[in-house]
1. Within the range 65-80, can you find the residues that are open to solvent by 70 Å² or more (accessible area, probe 1.4 Å), among the small types (G, A, S) and at pLDDT 90 or above?
2. What pairs come up if the first residue lies in the range 12-26 and is open to solvent by less than 90 Å² (accessible area, probe 1.4 Å), the second is acidic (D, E), and their beta carbons are under 6 Å apart, counting only those six or more places apart or on different chains?
3. Here are some residues: G32, G56, G60. Which one is open to solvent by 30 Å² or more (accessible area, probe 1.4 Å), touching a strand residue (DSSP E or B) at 6+ places or on another chain (Cβ under 7 Å) and on the phi > 0 side of the Ramachandran plot?
4. Within the chain, which helices (runs of 4 or more DSSP H) (wholly inside it) include 1 or more residues that are touching a Cys at 6+ places or on another chain (Cβ under 7 Å)?
5. M23 passes all but one of (1) under 11 Å from the mean Cα position of the chain (by Cα); (2) modelled with pLDDT under 90; which number fails?
Amino acid sequence: MHDTYGRAVANCVEGVRLGMVHMDAAVGGCGGCPFAPGAAGNLATSDLLKLLANEGIAHGIDAALLNLTQSNLESALQRSLMRPVV
């Protein structure tokens with residue numbers, strides 16, 4: 001889910017309400033479109049997990065492992081990503 005105009009979480013909320021059961025997110029919001037300079041990137045997985053938790057939806061993802069994965073990715077990329085919120 002691209003985070004265009006910071007609307008990814010709101011779009012996912014609406015998707016959940018409409019019955020969507022599959023959504024894409026990226027560790028730390030990593031990625032985006034190389035053809036759109038200044039594009040915000042992708043929805044951070046941690047933000048999607050927070051949304052699901054707030055909606056009472058089980059996701060089965062280990063937040064500690066997600067945070068470790070993000071730390072490893074930041075080390076590999078040699079840059080900071082969006083901070084996990086879970």
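1. Those that are open to solvent by 70 Å² or more (accessible area, probe 1.4 Å), among the small types (G, A, S) and at pLDDT 90 or above: S75, A76.
2. V16/E55
3. G32
4. Values: elements: 8-17, 45-54, 63-77.
Here the list reads 45-54, 63-77.
5. Going through the list (1) under 11 Å from the mean Cα position of the chain (by Cα); (2) modelled with pLDDT under 90, M23 breaks only (2).
The values are calculated or read from the model by the stated rules, or taken from the named source; none is laboratory data. Because the structure is predicted, anything quoted here is derived from the model rather than measured. No Cβ is skipped: glycine too gets one built from the backbone with ideal geometry, and neighbour counts run over all protein chains shown. The accessibility values were calculated without ligands, DNA or RNA, using every heavy atom of the protein model including side chains. Shrake-Rupley method; radii C 1.70, N 1.55, O 1.52, S 1.80 Å.
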